[in-house]
Amino acid sequence: MAWAGDWDTTEQQLAAKIVAVTGTGPAAVEVGNRSSLGSTDVEMIRRGLLERLSTVGLKLASSDPAAVNVQISLSENVQEYVWVAEIRKAAGDTATVVMVSRSRANIGETTHENPSISLRKLLLWSSNSQILDAIVINGALPRMAVLYPAQIQFYRLQGDRWMEEQAFPVPHSRSWPRDLRGRLILRKDRSVEAHLPGIVCSSNTTSPLSVSCREGNDPWPIGTDQSSLTAAFAQARNFFTGTLNLPTGRQAPAFYSAAPIPNDRGTSWLFAAVDGRIHMLEGTSDLVLDKLNWGSDIATIHSSCGARWQILSTASGSGQEDAVHAFEMPGREPIAVGARVSFPGNITSLWNAPDDNGVVAVIHSAETGKYEAYLLTITCSQ
């Protein structure tokens, strides 16, 4: 069991960040474990957090209807323990997220249990207009960029709400294809790049913010930050042609989406091909994975669970619902892990988030008619 002093500073830091958002009014606080820590350590941390929150003035109240809701998740990655608090001041409000991290090094001996994998979703944004993609730009002043067919809209987090900051038009001389697709990329210099059929837009990195767009048939970045490729996009259609920049020179069949799989053999690639099958490119081999009931959108996500990399795939659910499933590939056959996550409508896109630890799913809600962007993450639960 970890000695109590190992977590004191981390508990103080998270408590201070939470109270900075909630104030000292009543709050209902729940602590859930998504890491590999054992139940003894988790209970010790839970008690420590509640004690710290009370010390800094928060009134803990589970039955007060006016209470703010605070959900704390204890998670981890390869290098750090990461504690995330989602704070909602009223039902239906967009959550304010604060987090702290602590290096796994120099932590006293802890008890661990074999974690199971669960897939979680967090609503980022909804709109009456078609959403093509959305990314959160973390930093001292968090921002979000949302790509629409006619513009790129930037939002800034103020309190617990995303507020409109600036919008930039996306000019284009040709009509968009019927099934329009687009992707946002966060570059290492923190600039934002948008890819649409025949159009590339880029932001600057200084203030005031600006965006410039140009026509061009540039290949689109696909995959993750760690394992990326560029692929030619068919401007008049909604798929990639199969022309890649793989070191082997190998080309893929025409495909809708792709997912890299880092493994001890290097990196293999899965492609959701236009022919309705999943192709796996490994070196110079092209293997067809039969009998997979996967949709046309797949993506890879990094986590602290299991094999550390999971594949997310869309699939048709019941009625007007679509779902996302998580899989691992210890060999050449995918294995389902965890329960699927359902959405109240059709999933229109699935793109990797900037840090590889999340995937953004956009749906067209059958209930409201709105487009909704969700952040999907993998957590380890007991």
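The values are calculated or read from the model by the stated rules, or taken from the named source; none is laboratory data. Nothing here was measured: the structure is a model prediction, and the numbers come from that model. Reconstructed Cβ throughout: ideal geometry from the backbone, glycine too, with neighbour counts over all protein chains shown.
I'd like the residue in region 357-382 that is among the polar types (S, T, N, Q) and either within 17 Å of the chain's Cα centre (by Cα) or surrounded by 20 or more Cβ atoms within 10 Å (Cβ to Cβ) (or both) and, out of all such residues, is nearest to L312 (Cα to Cα). Per the criteria, the residue is T377.
Residues checked against (1) closer than 27 Å to A90 by Cβ; (2) touching a helix residue (DSSP H, G or I) at 6+ places or on another chain (Cβ under 8 Å):
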position	(1), (2)
Q12	no, yes
A16	yes, no
A28	yes, no
V31	yes, yes
R47	no, no
L50	yes, no
L53	yes, yes
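Within region 346-356, the set of residues being more than 26 Å from G306 (Cβ to Cβ) and surrounded by fewer than 19 Cβ atoms within 10 Å (Cβ to Cβ) comprises just one member, N346.
Of the residues L292, L246, L270, L287, the single one that is part of a loop (DSSP other than H, G, I, E, B), of a type in the set (A, V, I, L, M) and in contact with a strand residue (DSSP E or B) (Cβ under 6 Å, 6 or more places away or on another chain) is L292.
Just one of (1) in contact with an Asp or Glu (Cβ under 9 Å, 6 or more places away or on another chain); (2) over 23 Å from H364 (Cα atoms) trips up Y256, so point out which. So the condition that Y256 fails would be (2). Evaluate region 193-209: report whether one residue or more is among the β-branched types (V, I, T) and in contact with a Phe, Trp or Tyr (Cβ under 8 Å, 6 or more places away or on another chain). No, every residue in region 193-209 fails to be among the β-branched types (V, I, T) and in contact with a Phe, Trp or Tyr (Cβ under 8 Å, 6 or more places away or on another chain).
Scanning region 112-160 for residues that are at pLDDT below 90 and assigned to a strand (DSSP E or B) yields H112, S116, I117, S118, Q158. From the list P247, P208, P260, P253, the lone residue that is out of contact with any Pro (no Cβ under 7 Å at 6 or more places or on another chain), exposed (fewer than 12 other Cβ atoms within 10 Å of the Cβ), assigned by TED's automatic domain parsing to the domain that holds P149 and at negative phi is P247.
Considering region 194-237, there are no qualifying strands (runs of 3 or more DSSP E) wholly inside with 3 or more residues that are within 22 Å of A299 (Cα to Cα), among the acidic types (D, E) and in contact with a helix residue (DSSP H, G or I) (Cβ under 6 Å, 6 or more places away or on another chain). Being surrounded by fewer than 19 Cβ atoms within 10 Å (Cβ to Cβ), in a loop (DSSP other than H, G, I, E, B) and assigned by TED's automatic domain parsing to the domain that holds V136 holds for only one residue in A336, A307, A315, and it is A307. Would you be able to tell me the number of residues in region 158-173 that are touching a residue at least 60 places away in the same chain (Cβ under 8 Å) and surrounded by fewer than 17 Cβ atoms within 10 Å (Cβ to Cβ)? The number of residues fulfilling the criteria is 2.
Here is the figure for region 334-355: residues that are modelled with pLDDT of 90 or more and within 17 Å of the chain's Cα centre (by Cα) total 11. Could you tell me whether R178 is of a type in the set (K, R), assigned by TED's automatic domain parsing to the domain that holds A307 and either assigned to a loop (DSSP other than H, G, I, E, B) or within 24 Å of E282 (Cβ to Cβ) (or both)? No; evaluated as a whole, the condition is false for this residue. Cβ-Cβ distances below 9 Å connect the following pairs, each with a first residue in region 27-55 that is closer than 18 Å to S304 by Cβ and modelled with pLDDT of 85 or more, a second residue that is hydrophobic (A, V, I, L, M, F, W, C) and assigned to a loop (DSSP other than H, G, I, E, B), and a separation of six or more residues or different chains: I45/A2.
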